[in-house]
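All remarks here apply to the structure that follows.
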Amino acid sequence: MTLPGFDALLVEQPWSASRHLWGTRYECAVYSEQGALLANVAERKRLGPLRKMLRATGFSGRTVFDLVVAQQGFPLLSLRKGAGRPPLEVTRPDGSAIGSVRQLRRGAYALLDPAGQQLCLLHEVAAFRPGAIGKRDGRRVRRDSVRLQPNLPEPVRSLALAACVAYDVVRGIGTNHTSGAFDFPTA
């Protein structure tokens, strides 16, 4: 089970003008409601020059993403999205498939088992509120709040968590926050 005992989470990304204009690497941190760091999400590999260039444009959401969710340096989940608009593939650290997350339409995300069968929709198992701007350790962050239903079975819990920590990748904007939907404070 991924992050057992925590159903209310805060997912935070660095938020600054330079990050929005020049940031090309996906990164975020997952905290408990009480402020304890639970996990980090980061790109697994360095980006090449072409991908860096594409990530700085409106094509960022269509580039390849290879993320790892780690707790105290130990991988919990691997999240991969290929070029274009394929679903976000979610695997365990050993490479075994958990399932995938596919955007059906704006605001609707399907959680799929490894065979591609729909298990449920994200909003049926998690309340997700994106985009509140806050401060953590003196720096501005975009703070998304996540409330998972208690006692969610696997693989639904891991897929819902993956969708929430990789929200910008799943919704198709990647790291480019200046094309269309700039992240202004919403709360």
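The values are calculated or read from the model by the stated rules, or taken from the named source; none is laboratory data. Being a predicted model, the structure only gives us computed values, none of them experimental. Cβ coordinates were reconstructed from backbone atoms using ideal geometry, including for glycine residues, and neighbour counts include every protein chain displayed. Remember, those area values only see protein heavy atoms, side chains included, never the ligands or the DNA or RNA. Shrake-Rupley method; radii C 1.70, N 1.55, O 1.52, S 1.80 Å.
Scanning the stretch 5-14 for any residue that is out of contact with any strand residue (DSSP E or B) (no Cβ under 7 Å at 6 or more places or on another chain) and in a loop (DSSP other than H, G, I, E, B) turns up at least one such residue.
Here's a check for you: in the stretch 122-152, which residue that is among the aliphatic types (A, V, I, L, M) and modelled with pLDDT under 90 is surrounded by the most Cβ atoms within 10 Å (Cβ to Cβ)?
132
In the set 25, 46, only one residue is touching a residue at least 24 places away in the same chain (Cβ under 8 Å) and either assigned to a loop (DSSP other than H, G, I, E, B) or touching a Phe, Trp or Tyr at 6+ places or on another chain (Cβ under 8 Å) (or both); that residue is 25. Identify, please: which residue in the stretch 103-113 is touching a residue at least 24 places away in the same chain (Cβ under 8 Å) and within 19 Å of residue 65 (Cβ to Cβ) and is, among those, surrounded by the most Cβ atoms within 10 Å (Cβ to Cβ)? Looking at residues that are touching a residue at least 24 places away in the same chain (Cβ under 8 Å) and within 19 Å of residue 65 (Cβ to Cβ), I get 111. Does residue 181 satisfy the condition of being at pLDDT 95 or above, over 26 Å from residue 5 (Cα atoms) and part of a loop (DSSP other than H, G, I, E, B)? Judged against the criteria, residue 181 is not a match. If the condition is being open to solvent by 60 Å² or more (accessible area, probe 1.4 Å) and over 15 Å from the mean Cα position of the chain (by Cα), then the stretch 22-53 contributes 22, 33, 34, 37, 45, 46, 49, 50, 51, 52, 53.
Residues of the stretch 130-166 that are in a helix (DSSP H, G or I) and either of a type outside the set (S, T, N, Q) or farther than 24 Å from residue 97 by Cα (or both): 156, 157, 159, 160, 161, 162, 163, 164, 165.
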